[in-house]
Ligand SMILES: NC(=O)C1=CN([C@@H]2O[C@H](COP(=O)(O)OP(=O)(O)OC[C@H]3O[C@@H](n4cnc5c(N)ncnc54)[C@H](OP(=O)(O)O)[C@@H]3O)[C@@H](O)[C@H]2O)C=CC1
Ligand SMILES: O=C(O)C1=N[C@H](C(=O)O)C[C@H](O)C1
């Protein structure tokens with residue numbers, strides 16, 4: 001049984017993971033972590049979540065949680081994940097990062113931690129999106145520059161980063177398929193007198209509202225026709241299942257930063 005620490009256990013993804021690990025035949029909950037000062041710290045995890053006692057107290061000690069675990073699954077915030085990457089690598093605990101919204105400096109720090117630890121990181125852990133990433137690269141390669149690419153994403157009102165991690169994965173795949181660098185061609189939203197569309201640009205647009213779990217469209221707009229690749233998440237369990245699969249897959253892997261494509265064998 002792989003012992004799992006859940007970082008941010010009271011969060012939308014944290015609660016989903018606690019439930020999934022509890023139902024798993026391959027993994028067991030090693031620790032549940034919340035930030036210092038959080039109301040759940042010190043409480044039984046099940047009681048804090050409004051259910052029956054689970055016999056595991058929520059901790060704010062990352063070191064203690066890592067000592068009790070083989071992998072830590074982390075859907076929190078960029079600063080939290082960057083610090084955890086270093087600590088998990090130092091303690092030999094695999095780190096599955098679902099957090100999004102990283103800066104370039106954050107990503108460099110995570111890459112440095114992966115020189116001595118096992119990290120699986122993806123802006124989207126679902127099988128469907130990771131397949132869509134591959135399809136996006138393939139379609140972009142086949143259609144070339146004649147088709148304009150726009151990526152439209154929609155999420156719930158609580159999401160704090162844009163474009164979504166998934167949209168960025170799709171953008172990277174589209175750019176790679178056309179032999180571009182995303183940083184050179186990315187256009188983030190449009191407003192006012194923007195001028196005509198730049199040839200070869202990849203546009204990003206973000207909708208935020210209500211309880212939308214996560215929807216992504218990759219639009220290839222040509223002259224006289226349009227292709228849309230779409231993924232709709234209707235349940236957060238798709239992300240949690242991918243993350244748990246990654247944590248189990250990570251056991252025994254050599255140090256490095258891995259994608260979900262590696263985990264899923266895509
Ligand atoms: N890769 C993927 O497949 C997916 C990625 N995500 C990403 O995961 C992240 C979290 O999303 P979501 O679950 O909706 O967000 P939530 O805000 O619901 O959950 C984040 C949790 O982390 C907790 N937290 C904050 N700081 C710490 C800390 N220092 N130690 C431990 N816990 C901490 C928060 O506590 P508090 O609220 O008290 O600050 C909160 O409980 C986002 O970046 C999101 O984009 C989400 C879904 C899928
Ligand atoms: O914040 C979310 O909720 C989600 N975040 C991820 C992202 O930024 O793409 C994945 C999913 O779409 C849900």
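FYI, it's all coordinate maths here, none of it is from the lab. Note that the structure is predicted; figures quoted are calculated from it, not measured. Backbone-built Cβ (ideal geometry, glycine too); neighbour counts: all protein chains shown.
Which length gain, in nm to one decimal place, applies between residue 64 and residue 104 when the Cα-Cα distance is subtracted from 0.36 nm times their residue separation?
Roughly 11.4 nm would be gained on extension.
Which number comes out as Rg/Rh for the chain once both Rg and the Kirkwood Rh are worked out on C-alpha atoms?
Computed over Cα atoms, the ratio is 1.00.
Can you give me the C-alpha center-to-center distance between the range 211-266 and the range 58-124, rounded to a whole angstrom?
Their Cα centres are 19 Å away from one another.
If you build the convex hull over the alpha carbons only and average its shadow over all orientations, what do you get for the range 127-233? Give it in nm² to one decimal.
7.0 nm²
Sort 178-184, 62-68, 162-168 by the packing proxy (mean of other Cβ within 10 Å over each peptide's residues), most packed first.
Packing order, densest peptide first, comes out as 162-168, 62-68, 178-184.
Order these peptides, 100-110, 9-19, 119-129, by their mean beta-carbon neighbour count within 10 angstrom, highest first. Kindly include the intermediate steps, with their values, before the conclusion.
Working: 100-110: 16.1, 9-19: 20.9, 119-129: 24.0.
Ranked by mean Cβ neighbours within 10 Å, highest first: 119-129, 9-19, 100-110.
Fully extended, how many nm does the chain gain between residue 47 and residue 141 (0.36 nm per residue separation, minus their Cα-Cα distance)?
Contour length minus Cα-Cα distance gives 28.7 nm.
If you count the DSSP beta bridges with both ends in the chain, what percent of them are antiparallel, to the nearest 5? Show your work: numbers first, answer last.
Working: 16 of 47 bridges.
Of all bridge pairs located within the chain, approximately 35 percent are antiparallel.
Rounding to the nearest 10 and keeping the result within 0 to 90°, find how far the Cα-based axis of helix 165-177 lies from the longest principal axis of the chain.
With both axes taken from Cα atoms, the answer is about 50 degrees.
Take the chain, connect every pair of alpha-carbon atoms lying under 10 Å apart with a spring to form a Gaussian network, then pick out the residue of 70, 191, 235 with the largest mean-square fluctuation.
Answer for the Gaussian network model of the chain: 191.
Would you order 217, 74 from fewest to most other beta-carbon atoms within 10 Å of each residue's own beta-carbon?
Ascending number of Cβ neighbours within 10 Å: 217, 74.
How far is helix 237-249 tilted off the main Cα axis of the chain, in degrees rounded to 10, range 0 to 90?
70 degrees
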